[in-house]
Structures are given as C-alpha cells and as structure tokens.
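Below is one structure; the comments refer to it alone.
Taken together, the values in this text are just the output of simple stated rules run on the coordinates, not laboratory data. Because the structure is a prediction, the values reported are computed rather than measured. All Cβ positions, even for glycine, are placed from backbone atoms using ideal geometry, and neighbour counts span all protein chains on display.
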Amino acid sequence: MSLPYNRNDKKSIIDYSKKLEGKTLRQVCGNEILASSFSGKGNFGQMLEKFYFHYEPNSKSEADFSEVGMELKSTPLKQLKNKNYRSKERLVLSIIDYLKIVQQSFEESDFMRKSSSILLVIYEHEKGLNAIDTKIKIVDEWNFPATDLEIIKKDFETIKQKVLDGKAHEISEGDTFYLGACTKGVNKDSLRDQPFSKTKAKQRAYSLKQGYVNHIIASLSREPVGNYGKLIQSPEIAKKYTIEDIVLDKFKKYYGMSIPDILSSLKIDINEKAKGFFASLTKAILGIELNNEIDEFEKSDIIIKTVRLKENSLPKEDISFPTFKFEDIVKEDWEESDFKSFLDKKFLFVFYQFENDLLVLRNVKFWNMPSTDKNEAKRVWIRTKEIVENGSIVKLMKGTIRVTNFPSKKFSKVSHVRPHALNANDCFPLPIADELTKSKEYTKHSFWLNNSYVRDEIYLKS
DNA sequence: GCATGATCATGC
DNA sequence: GCATGATCATGC
C-alpha cells in the first residue's frame, strides 16, 4: 500500500503530520476509525498510528519511523484554571530492559535509539471526550538540546548503576532529574527479573518528567510560559558537574551564616516578612533573578522545602502536602494516588536552625523517599482510606472528647494525617456519612511528613 | 515539650 | 475564592 508520506524522508513525515494541527482524528480519518473495531473509542496513540500513519502499533526496539530514527509519541494537555495549558502527565518512552541496560552505554542505549528524535503530537485532553474528538494542538519534532542531553545521560547512568548494584526493585522516579524510570504495565505490579539480584523488580519505562514535557511544549509552541533562569549555562558545564554539585556548591559558601549575614553578603534586600521569603532567598543564593523560575528545577519536578529547625534539631513544623478529597481517596489505588506521586518526586531540603532569634543556614540536601519508607507511607494512606470508606472518622475519647481515627504520629514514624483548613467548618464532602456525627462532610485534611522523620531520616542522615 | 486539632496570611 | 505554607492553642 502506498503511504501518503515517505518513510525515508523525515521532512515528508513531519510535513504530513503537521496537517493534524488544529484538527481532530474524526476530521482526518474518522471514517476508517468508525468502520474499524475501535469504533471511535480507542486510545489516541494507537488510533493515530493505525489510521493516520497507517502502520500497526508495535513495541519494537527500533523507533517507529526506523528509516529516519524518529519515534512517534502523543501526549495530552490539560487546561489550568487560568486557561494556560500544561502537560497532563509525564511522557512515557520505551521499557527499561534491566538485563540489557547494564551492558549498554548511553550512546547505544534503547533510550537513545528510540527517543533521541521524537515526533510529538500534542492534543487537548477534555474529560468525558472520546480520543477521536480531542483537538490536536501542536505537532512537531523534538530533539534534546546538548545541555539537557548531558543531564539525561547522567540520569541514565544513575538508573543503570542501581541495576548494577542489584537494586532495580528500589528504583524511584525521584532518583533522577529529567529522565525518570516510571512504573509501566497493564498490571502495575508486573514484575521483572534483574541481573544482579534475585528480587524481582517492577517493570519500568524511561520517561520524561512532567515538568520537562511542559518545557518541550513551551519550546515547540514558542509561547514562553514564564521567565527562567539557568543554573547550567553550557553543555560543557553539564558534562562536568551534576545539578546537585552546582546547587550544593552555591549553598556551601553560606553554611553557618545567619539570614541577615547571608542577605548582606548577597547584597540584596528581600522583605523577610513576605510569604515567599524563603523561596526568594533560595533563588538569590542560586544566582537566579527573583522573578524568574529555576529552569532545571521546573524541568525536574523538584519540590523545594525550607525547614526551620529548633535548637534541638527538631523541625519547628511538620511538612504538609495539599489537602486530599475524601471522595477521591476512596476511588484511588495507592499506585495512582496523589500522595504517592508526591513522594515519588525529588526534593530539595534547605535547613535553617534557630540560634536564639536568628536563623542560621545549616545545609541543603537533595532527597527522595526510600522505598521502605514509601511502604510505610502506603500503610498510612491505606488506613486513611479505610476510615473514610467505613465512615468511622470521629470517635469518642473518655466518653466525651471527640477525636479522629486518622493515623496520628504514633501510627507511623513517617507520616500522619491532620486538618489543613481555614477552620473546622472548611470541609470536603464525605462519600459515606460519619457514623458518630452523622455528618456528610468533614474538615479538610492532608498528609504530613512527621517532623521527627525529617530530622532523623533527612537532616541527620549523611 | 510535644501531639493533635485548629487557624492564619498571602498571593494567585 | 481557594491553595499553600506557616503558625497557633490546648491538653497531656
């Protein structure tokens, strides 16, 4: 069958694909799709390959357009409340073969062979709309800039090293910066062999972090979504140093210094009372202009947490996460839960400690949660879900005092559940009315990391 | 002095 | 109007 494009000519493929922009699959190949077994309800990527590009969806180890080494990928956008578009999810690439990766260099890796050139079809996700009717917004080829590729190469080496250490089962997305190793499979529990351990490991795929996909979308649409300042100015620097090296190096100069001393040393004046004071101070130390975002952190989905330690080294506060909806948690599985997706990220902790009334910079740490502690967080999450499912939120203590059954600090050393609301009347609806109070709503709650956990496992751990 | 529940302040 | 990070109040 003759194709409407030439597989040996990259430009021909791109030109043909560009015709998708502004259209839906129904508009460009609706008749074929409706006549097929998909009947308009298939997965967007599969329909795109089969009915627009006319090849069978496959999971071969070569790129989809192997003749020109270009891989076809589609990815959804979501619209924010402020009408701006962002990537809805990470971009999942090829499966990581644990047996092969240990023998591959980055240059000859599956990642490079399949994903160094990507033809991206970016479409608008709308809840309830069939994939055949979603509007295609941007179509273009993506190649990684040299600096990003150096960072991705280091990410690849990090993943490879974990497999070499017999720790494929402990891999986490938070291990790396731009290139992640995300779980993948129909069954999330699907397990695979690894070469240097008898423990089976979850199947994982190379993936680009959601923040990195946002960066790609902004670049391709030529509509900058914000102003960015860079920590790394050239591929040569990216080759020589990791993001971690650079960040630690910038902070180290100020270890032991009080905030007023750091401010005067930086020769800047930031309002110490302002809400974003610590975020501004971090940017200033990193040499990023205050109205800019940190390019490398945005692309890496890094969460910065500033912690103020008391003189006895216990953080003054626990660390909160966004409130969860009671109606959502009962529908979620742990693997897909919002809480887990936070704990899978990479964190940058900045520790200050009180000395009398002054805060002194102690140190900074990149951190992501070890898998054993994630199991502990899972236990907290499951207990919370059970309580909401059973409608057993409130209980009586000593016959009169009302307390919640939610997992407290005593339940787990890692995490607990606590109110996070404007006041006690600031509520979310309950899927099942509370047995004791008969109420169909309850004060907004969120998951917190225990301050003692932050002290013992993040601050004090070398 | 800490755990738990409650609330505040800011900025988008 | 609400999310988010920060802080307060009380009782053990």
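Could you work out the relative contact order of the stretch A:121-273, using alpha carbon pairs under 8 angstrom and six or more residues apart, expressed as a whole percent?
Once divided by the residue count of the stretch A:121-273, the mean separation gives 19 percent.
If you take the charge dipole of chain A about its Cα centre, with +1 on Lys and Arg Cβ and -1 on Asp and Glu Cβ, which of A:Phe324, A:Ala421, A:Ser36 is farthest toward its positive end?
A:Ala421
For chain A, what's the relative contact order in percent, using C-alpha pairs closer than 8 Å and at least 6 residues apart?
Relative contact order of chain A: 11 percent.
Find, among the trypsin sites (Lys or Arg not before Pro) in the stretch A:430-459, those assigned to loop by DSSP (not H, G, I, E, B) with at most 10 other beta-carbon atoms within 10 angstrom.
Here the sparse-neighbourhood loop sites are A:Lys438.
Give me A:Asp301, A:Asp97 ranked fewest to most by other Cβ atoms within 10 Å of their Cβ, as a rough exposure proxy.
A:Asp97, A:Asp301
Using 0.36 nm times the number of residues separating A:Ser265 and A:Phe106, minus their current alpha carbon distance, what extension gain do you get?
Details: separation 159, 0.36 × 159 = 57.24 nm, distance 4.16 nm.
The span from A:Ser265 to A:Phe106 would gain 53.1 nm if fully extended.
Could you check the spin-label model distance between A:Thr400 and A:Ala433? Points 7 Å from the Cα along Cα→Cβ, value in nm.
Reported label-point gap for A:Thr400 and A:Ala433 is 2.7 nm.
Show me the GluC sites (Glu not before Pro) within the stretch A:354-462 that DSSP assigns to loop and that have at most 15 other Cβ atoms within 10 Å of their Cβ.
Working: sites: A:Glu355, A:Glu376, A:Glu386, A:Glu389, A:Glu435, A:Glu441, A:Glu457; in loops: A:Glu435.
Within the stretch A:354-462, the qualifying GluC sites (Glu not before Pro) (loop, at most 15 other Cβ atoms within 10 Å) are A:Glu435.
Rounded to the nearest 20 debye, what is the charge dipole size of chain A about its Cα centre when +1 sits on each Lys and Arg Cβ and -1 on each Asp and Glu Cβ?
1000
What order, most packed first, do the peptides A:53-61, A:273-281 have when packing is the mean number of other Cβ atoms within 10 Å of each residue?
Values: A:53-61: 11.9, A:273-281: 14.1.
Going from most to least packed, we get A:273-281, A:53-61.
If r is the Cβ-Cβ distance from A:Lys78 to A:Asn423 and R0 is 41 Å, what FRET efficiency results, to the nearest 0.05? Present the calculation step by step, with values, prior to reporting the outcome.
On the way: r = 31 Å, r/R0 = 0.76.
Calculated value: 0.85.
Averaging sequence separations of C-alpha pairs under 8 Å and six or more residues apart, then dividing by the length of the stretch A:340-462, give the relative contact order as a whole percent.
Value for the stretch A:340-462: 20 percent.
Where does chain A land at 222 nm, in deg cm²/dmol rounded to the nearest 500, when only DSSP H runs of n ≥ 4 count, each adding -39500 (n - 2.57), divided by all residues?
-8000 deg cm²/dmol
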